[in-house]
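Quick notes on the structure that follows.
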Amino acid sequence: QVHLVESGGGLVQSGGSLTLSCTASGGISRLNAMGWYRQVTGKERELVGSISSDGGANYADSVKGRFTISRDKDKKTVHLQMNSLRPEDTAVYYCMIEYEILGVWGDMRSWGQGTQVTVSS
């Protein structure tokens, strides 16, 4: 079974920084896209940023220029560096990976357990 472990959430003042990390383990034969989503209670989960296997990154408009996503292929880890945080960035952040496993056709998707990020004003 594929397992994701997230770390790095917490409480920070407006304008501060946090880095989220997520490491995948388990029977992954090929790791494709990795990304971060966030969700506020009562709202839909939204994409924050994603990064493809060749390093191409994509961001939500609301975080462009403030957040940077990166990945370490050897360690199956994805990071989200969050700078200039705002109270509206407060949410539960979820790691997501798309991957392949031997003997199964097509991409699989797994989610982390979520980590709380709270930005105080």
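The values are calculated or read from the model by the stated rules, or taken from the named source; none is laboratory data. It should be emphasised that the depicted structure is a prediction, and the values quoted were computed from it without experimental measurement. Note that each Cβ is placed from the backbone with ideal geometry, even for glycine, and that neighbours are counted across all protein chains shown. Calculation scope for accessible area: heavy atoms of the full protein, side chains included, ligands and nucleic acids excluded. Shrake-Rupley method; radii C 1.70, N 1.55, O 1.52, S 1.80 Å.
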(message) It is to be established whether one or more residues within the range 53-62 are closer than 21 Å to residue 26 by Cβ and surrounded by fewer than 19 Cβ atoms within 10 Å (Cβ to Cβ).
(response) yes
(request) Mind counting the residues in the range 93-121 that are surrounded by fewer than 19 Cβ atoms within 10 Å (Cβ to Cβ) and either of a type in the set (Phe, Trp, Tyr) or part of a strand (DSSP E or B) (or both)? (result) 10
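Go through 29, 70, 53, 25 for me and flag whichever is over 18 Å from residue 108 (Cβ atoms) and out of contact with any Ser or Thr (no Cβ under 7 Å at 6 or more places or on another chain).
Details: 29 fails: over 18 Å from residue 108 (Cβ atoms); 53 fails: over 18 Å from residue 108 (Cβ atoms); 25 fails: over 18 Å from residue 108 (Cβ atoms).
Answer to the check: 70.
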(message) Being open to solvent by 20 Å² or more (accessible area, probe 1.4 Å) and in contact with a His (Cβ under 6 Å, 6 or more places away or on another chain) is the requirement here; does residue 29 meet it?
(response) no
(message) Can you confirm whether residue 85 is outside any loop (DSSP other than H, G, I, E, B) and of a type outside the set (Val, Ile, Thr)?
(response) no
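Any chance the range 72-82 includes a residue that's under 19 Å from residue 5 (Cα atoms), in contact with a Phe, Trp or Tyr (Cβ under 8 Å, 6 or more places away or on another chain) and loosely packed, with under 14 Cβ neighbours inside 10 Å? Write out each step before concluding.
We begin by selecting, within the range 72-82, every residue under 19 Å from residue 5 (Cα atoms); these are 72-82.
Now narrow it down to the ones that are in contact with a Phe, Trp or Tyr (Cβ under 8 Å, 6 or more places away or on another chain): 78, 80-82.
Cutting the leftovers down to loosely packed, with under 14 Cβ neighbours inside 10 Å gives us none.
No; the residues of the range 72-82 include none that is under 19 Å from residue 5 (Cα atoms), in contact with a Phe, Trp or Tyr (Cβ under 8 Å, 6 or more places away or on another chain) and loosely packed, with under 14 Cβ neighbours inside 10 Å.
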